[in-house]
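As structure tokens, the structure follows; a few thoughts come after it.
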Amino acid sequence: MKKVEAADSVPQVVWQREERTLTLEGEPVLAYSLTWPQVNGGGLGGFWISRYYARLAGAWRLRWQRELYWKACLAWAAKRAASRPFTPWSCRVAGEVALYRDGLLSLRLEGEEVREDGKTSRVRWGDVWKVREGAPCLPGELFGEKKGWKRTILSQITGQGRARQQAGDWFPDPDWEKKLRRALPADGLCLTEQGVEAAFPQCTIAPAAEGTPVFVIARESGEG
């Protein structure tokens, strides 16, 4: 009986999906794909987590249907006035379960907005939840609240960044190491089997073409 109850208590993440194409005078102007998680079987905590993401999805939807749609319409009008072809803007938010262990649910999410000129804005972040409480797991908790865990993170990222730069795997800003501490994501960390992922916002330590640089920090170092 106990084994059955334990199995039933494992939360199930169901991804909700919405796709829509917005038009102007019958022509496509902006298309979006929006995905967000719903946590089933997690009790009241799962309900709270699901409600958070439903609200977050609403914020993205509102942005695309208003602010970005209006800008796309202006771009469409300008191209039409110049008798030039227009490529509809595209937007998406997608996610996946990165890890579920010991009552912690880690989700990885990505967003992208592409304009008709090819300019692309990207965002990537993670959320780690204590499912029973329906509360986020704070960054320090992921490293055991050990003294100096922030310095450990910065040290690992600096080492990884230098190695990748020397190998020609990425091309950061010349002063990226000076920017690290200020740009370090205080939130938005993602817990995985390999460690803790930290994704830097676009254009904070590297040019836009580099997207959102991702580093993986070993948790053992934060616990020592």
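What follows draws every value from the coordinates through simple rules; no lab data is involved. Quick caveat, the model's predicted, so the values are computed rather than measured. Don't worry about glycine lacking a Cβ; one is built from the backbone with ideal geometry, like all the others, and counts go over all protein chains shown.
Residues Phe171, Phe200, Phe215 in ascending order of nearby Cβ atoms (within 10 Å, fewest first): Phe171, Phe215, Phe200. The H on the amide N of Ile217, modeled in the peptide plane, is under 5 Å from the matching H of Val196, Glu197, Ala198, each at least 5 residues off or on a different chain. The slack between Gln160 and Val123, meaning 0.36 nm per residue of separation minus the straight C-alpha distance, is 11.2 nm. Net length available on complete extension from Ala78 to Gln65 is 2.7 nm, with 0.36 nm assigned per residue and the Cα-Cα distance removed. As a proxy for reagent exposure, Val97, Val14, Val196 were ordered by neighbouring Cβ count within 10 angstrom, fewest first; the result is Val14, Val97, Val196. Just to confirm a number: summing +1 for Lys and Arg and -1 for Asp and Glu over residues other than Pro213 whose beta-carbon lies under 12 angstrom from that of Pro213, what do you get? Result for the neighbourhood of Pro213: 0. Taking 7 Å along the Cα-to-C-beta vector as the label spot, tell me the Gln16-Trp170 distance in nanometres, rounded to one decimal. Label at Gln16, label at Trp170, 3.3 nm between them. Using only the alpha carbon atoms of the chain, find the Kirkwood hydrodynamic radius as the inverse mean reciprocal pair distance, in angstroms to one decimal. Computed over Cα pairs of the chain, the Kirkwood hydrodynamic radius comes out at 19.7 Å.
If you plug the beta carbon distance of Asp102 and Ser33 into 1/(1 + (r/R0)^6) with R0 = 41 Å, you get a FRET efficiency near 0.80. Computed over the chain with a Gaussian network model linking Cα atoms closer than 10 Å, the most mobile of Arg80, Arg61, Arg17 is Arg80.
Applied to the stretch 61-76, the Karplus parametrisation 6.51 cos²θ - 1.76 cosθ + 1.60 on θ = phi - 60° returns per-residue 3J(HN,Hα) values of 4, 4, 4, 6, 7, 10, 3, 6, 4, 4, 5, 5, 5, 5, 5, 4 Hz, with x for Gly and Pro.
3J(HN,Hα) along the stretch 20-36, derived from phi through the Karplus expression 6.51 cos²θ - 1.76 cosθ + 1.60 where θ = phi - 60°, amounts to 7, 10, 8, 10, 9, 6, x, 9, x, 10, 8, 10, 9, 10, 10, 10, 8 Hz, with x in place of Gly and Pro.
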